Amino acid sequence: MSKKISFQGVEGAYSHLAVQEFFPNAEAVPCKTFELAIAAAESGDVDYAMIPIENSAAGRVADIHRLLPKSDLHINFEHFQKVEHKLLIHPDDTVMMSGRSGSRMHSYLVNALCKTIGANTKRADFALAA
């Protein structure tokens with residue numbers, strides 16, 4: 001019988017890719033929140049929850065360090081998921097092409113992008129989106 005693994009996010013999210021790599025024959029069960037992914041494992045609706053503990057670009061995933069100690073779960077396995085960010089822009093996006101500020105993205109991506117592009121990039125060049 002195939003295992004069922006919950007994860008926070010949608011198909012194609014890094015947690016989904018981690019499920020596919022670590023449990024290649026399992027059924028991946030997407031959840032809207034970390035709380036729901038953990039609850040699915042606690043209730044027995046799934047066999048495991050694939051939960052990120054740390055992000056190499058942005059540090060620990062704070063929600064997990066708050067949620068996991070309150071749950072009945074414990075860490076069974078460890079998996080290192082390769083993360084590759086791609087910045088795609090439309091050719092008509094004059095704000096990005098001109099180098100002016102005004103781009104919006106998640107704060108995790110801002111840190112990764114600044115490291116990738118280099119010292120000439122400042123956090124102030126990007127508006128953070130929740």
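For the reader, a short list of remarks on this structure follows.
- Ranked SER71, SER15, SER2, criterion: other C-beta atoms within 10 Å, fewest first: SER2, SER71, SER15
- Under a 5 Å amide H cut-off, with hydrogens placed 1.01 Å from N, GLU27 pairs with LYS3, LYS4, ILE5 among residues at least 5 apart or on other chains.
- Surrounding net charge for GLU35, when Lys and Arg each add one and Asp and Glu each subtract one, Cβ distance under 13 Å: +1
- Tensor-based shape of region 1-86 (alpha-carbon gyration tensor, a/c under 1.5 rounded, otherwise prolate or oblate): oblate
- Other residues whose C-beta falls under 11 angstrom from the C-beta of ASP47 contribute a net charge of 0, scoring Lys and Arg +1 and Asp and Glu -1.
Rule-based calculations on the coordinates, nothing more; no lab input. A quick note: this is a predicted structure, and the numbers were derived from the prediction, not measured. Glycine also receives a Cβ, built like all others from the backbone with ideal geometry; neighbour counts cover every protein chain displayed.
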